[in-house]
Amino acid sequence: RLSMRLNTLSYLLSTANSLSPHPRIVISGGTHGNEYTGVWVLQRLQLRSAELAEQHPSIAIETLFANPPAHAANRRFIDDDLNRQFSAATLADTTASSFEAGRAKAIAADMGPKGAAADAAVCIDMHTTTANMGCTVIVSSYSTLALRAAAFVHTHWDDADEASPPLPLRVMVEECSQCEAAHLASVARHGIEIEVG
């Protein structure tokens, strides 16, 4: 399935190429400290960074290890769920003092400002789930690019690896505005979450 993930990443990157000159693509993992899939993907992408830069020279590809202290502690979070800290209202809350509230503000300052003017064109946030949801792509209704990417992955999923039986793929569409969306990927202009479990 790694080849499918990388082919999907290539498709998303080529699609993002049409967003603006040299769009910034952020691949994040470790948003929840006890989820290892995203951290593993980040490590593999870092090993292939030169290859990806050569294949996609007009795109800035970055990795983001979202919550290193929680990962080091093998805990979902330190104080609060990081992936619930990114709504516009929560980011604007100056009274929030948890580690994750501060981390969310730092991530949003780097990738944002949240919304259509965000510096990051696309964020793909990788997760592991303990729920029996198999492989799931989660997108929000406000992002046409994310909806198209999810449709592409769903259409080509069974073609991914002839050597092993295909795992089911689910696509979930969250109905909300970008302002209301509280997950990390929503800071970028277009966000996609991938759950593996």
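The values are calculated or read from the model by the stated rules, or taken from the named source; none is laboratory data. Keep in mind the model is a prediction, meaning the values are calculated, not measured. All Cβ positions, even for glycine, are placed from backbone atoms using ideal geometry, and neighbour counts span all protein chains on display. Quick note on the areas: whole protein, heavy atoms, side chains included, nothing else; ligands and nucleic acids left out. Shrake-Rupley method; radii C 1.70, N 1.55, O 1.52, S 1.80 Å.
For residue 15, the criteria (1) outside any loop (DSSP other than H, G, I, E, B); (2) open to solvent by less than 30 Å² (accessible area, probe 1.4 Å); (3) in contact with a helix residue (DSSP H, G or I) (Cβ under 7 Å, 6 or more places away or on another chain); (4) at pLDDT 90 or above hold in every case but one, which is (4).
For segment 157-196, the candidate set comprises residues that are modelled with pLDDT under 80 and in a loop (DSSP other than H, G, I, E, B); within that set, the residue that is most open to solvent (accessible area, probe 1.4 Å) is 162. Against the numbered list (1) open to solvent by 80 Å² or more (accessible area, probe 1.4 Å); (2) assigned to a loop (DSSP other than H, G, I, E, B), residue 110 comes up short only at (2).
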